[in-house]
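Read through the structure below, which is laid out as structure tokens, and then see the notes.
The values are calculated or read from the model by the stated rules, or taken from the named source; none is laboratory data. Treat the numbers as computed from the prediction; the structure is a model and nothing was measured. Because the Cβ atoms are built from the backbone with ideal geometry, glycine has one as well, and the counts that use them run over all protein chains shown.
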């Protein structure tokens, strides 16, 4: 019980000098008797934006959860700034929108303030500088006008932006996002990427899972193709080759047009 | 017509005044804690916990020969143990959570009734445990309630932002490295204490109503948690006092009377709540 209380007051583990933001080595996760991930190794550099793509059940969510310290690895290692993720409070995990109770009686600024829970500290209330910080985070994602709104009254894109603001309020250095593009229309996706571009300028490192191969190939520094094992990782042109995609998706290949990027399935049919 | 005597007459009796203070206190504490119970979908847990206290109450009653102060502490002890046991059972069991809770709760309740059935005059005592006996509240009972109720409110206030994160987004609570398990148990113990505090006012069988109904009424009227807690507390306290007046004039038992006033409040909110009420929706339909 003692370590619980001391952990509440401690500021989280320090970052080892020169360590990379994220170092995953030979990670295997066995979950409910099934192998969700097997022998995955990679690293992330500061300020990098990586997409994680792969078919349903490929282990994308599992990977993000292990990195966030929400699930333990069965074997292998995850190091964030040189330490196991369990002690860090600089990792933000943005859940799929379907995982959130949108009818909960909290406003936009309440949700963003939640990110500051540890920075405020046990038995304390938000101070003026916390409220100021929340306001800046909302400004950055363009949600200041809706600060008092109940969260259920927002559009999908706005809901996504609230959680990014929460991650910023947490002062996260590594943001993990699970399927943030799902269910967003094109303008909302554009808004989201504009915000992500701004975060990159602040050297925030991001790892984002998505089904959208178009966005994955155009908008990220590197793309990881995952299907329990890491199939390829690199610039989209190298990672998302037809051959790699066929290995990942098997017969469910959702796209064609070799050498010319990717189009979503079904391809336009000639009349 | 002068309405003042209508309000002042019951207040000539000291037991009525004590009863109203008790009912108001219960209304406030239950609504604040009940807000979390409702939002986290723990209503069934709350009901089970209230029923599981009975054997402790009965044992205290037997051991102390009916001294009320002792029964109170026995109830508190049982509630704390039961909350932790039910919490542990529901987390790591072989069967579904609600199945596990049902089994524990039914067994404890049966054990309690069995114990009480061995006493003389058991019907009256059992009725008091099950449905409360707010008019029998003594001054020292009031002090116990104020002390524990105050403690519950203080802890709820002190851990407000942690409980909020835990209730809204357990995953965020975990990535912020909050002590999730510990906080969960603290909340369970707060619920247990709240149930014991309300035991004498509405009894084991109706405590659930005080936890859930005022909080639910408030949830129809606002979309901010702090406002919801304040409104719920106001509704709970008002229902407690109004229920006692009605029980005085209509000559019905006090516990059920209080609970039914709570229910009337909820139905009223359901009908006329701004934006979400039935009347409001009807009007909007006609306009648009």
Conditions (1) at negative phi; (2) at pLDDT below 95; (3) more than 14 Å from chain B (Cβ to nearest Cβ); (4) out of contact with any helix residue (DSSP H, G or I) (no Cβ under 8 Å at 6 or more places or on another chain) -> residue A:2 fails only (3)
Residue A:160 passes all but one of the listed conditions (1) in contact (Cβ under 8 Å) with a residue 60 or more places away in the chain; (2) in contact with a helix residue (DSSP H, G or I) (Cβ under 7 Å, 6 or more places away or on another chain); (3) facing chain B (nearest Cβ under 10 Å); the exception is number (3)
> Do we find that residue B:119 is over 24 Å from residue B:87 (Cα atoms), more than 13 Å from the chain's Cα centre (by Cα) and surrounded by fewer than 17 Cβ atoms within 10 Å (Cβ to Cβ) in this structure?
Replying inline: yes
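Only one residue in A:92, A:51 is assigned to a strand (DSSP E or B), within 14 Å of chain B (Cβ to nearest Cβ) and either at pLDDT 95 or above or over 18 Å from residue A:22 (Cα atoms) (or both). Which one?
It is A:92.
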Within the stretch A:43-77, restricting to residues that are under 16 Å from the mean Cα position of the chain (by Cα) and at positive phi, the one that is surrounded by the most Cβ atoms within 10 Å (Cβ to Cβ) is A:59
Log entry, pairs with first residue in the stretch A:198-224 being under 17 Å from residue A:43 (Cβ atoms), second being at pLDDT below 95 and assigned to a helix (DSSP H, G or I), beta carbons closer than 6 Å, six or more apart or on different chains, reads A:223/A:216; A:223/A:236; A:223/A:239
Exactly one of A:144, A:75, A:103 is more than 11 Å from every other protein chain (Cβ to nearest Cβ) and farther than 30 Å from residue A:19 by Cβ, and that residue is A:144
Subset of the stretch A:147-157, residues within 14 Å of chain B (Cβ to nearest Cβ) and assigned to a helix (DSSP H, G or I), comes to A:151, A:152, A:153
Of B:52, B:58, B:48, the only residue that is touching a helix residue (DSSP H, G or I) at 6+ places or on another chain (Cβ under 7 Å), more than 20 Å from residue B:142 (Cα to Cα) and modelled with pLDDT under 90 is B:58
Of the residues in the stretch A:95-109, those that are in a helix (DSSP H, G or I) and exposed (fewer than 13 other Cβ atoms within 10 Å of the Cβ) number 2
Those residues of the stretch A:111-139 which are buried (at least 17 other Cβ atoms within 10 Å of the Cβ) and touching a residue at least 40 places away in the same chain (Cβ under 8 Å) amount to A:111, A:112, A:113, A:114, A:115, A:116, A:118, A:119
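So which residues in the stretch A:17-35 are surrounded by 22 or more Cβ atoms within 10 Å (Cβ to Cβ) and in contact with a helix residue (DSSP H, G or I) (Cβ under 7 Å, 6 or more places away or on another chain)?
Result: A:22, A:27, A:29.
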If you go through B:203, B:236, B:232, the only one that is on the phi > 0 side of the Ramachandran plot and surrounded by 20 or more Cβ atoms within 10 Å (Cβ to Cβ) is B:203
query: Looking at residue B:27, is it crowded, with 24+ Cβ neighbours inside 10 Å, touching a residue at least 12 places away in the same chain (Cβ under 8 Å) and under 16 Å from residue B:242 (Cα atoms)?
result: yes
Residues of the stretch A:78-89 being more than 12 Å from chain B (Cβ to nearest Cβ), closer than 25 Å to residue A:31 by Cβ and either without any contact (Cβ under 8 Å) to a residue 24 or more places away in the chain or over 17 Å from the mean Cα position of the chain (by Cα) (or both), in sequence order, are A:83
Those strands (runs of 3 or more DSSP E) completely within the stretch A:174-251 that have 3 or more residues that are touching a strand residue (DSSP E or B) at 6+ places or on another chain (Cβ under 9 Å) and closer than 20 Å to residue A:140 by Cα are A:174-178, A:205-209
Taking the stretch B:71-103 and keeping residues under 20 Å from the mean Cα position of the chain (by Cα) and closer than 18 Å to residue B:182 by Cβ leaves B:80, B:81, B:83, B:84, B:85, B:86, B:87
Considering the stretch A:110-132, residues that are over 17 Å from residue B:173 (Cα atoms) and in a helix (DSSP H, G or I), and then whichever is nearest to the other protein chains (Cβ to nearest Cβ), we arrive at A:130
Checked B:165, B:85, B:95, B:152 against criteria (touching a helix residue (DSSP H, G or I) at 6+ places or on another chain (Cβ under 9 Å) and within 14 Å of another protein chain (Cβ to nearest Cβ)); the one match is B:165
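Is it the case that some residue within the stretch B:89-100 is outside any loop (DSSP other than H, G, I, E, B), without any contact (Cβ under 8 Å) to a residue 24 or more places away in the chain and surrounded by 15 or more Cβ atoms within 10 Å (Cβ to Cβ)?
yes
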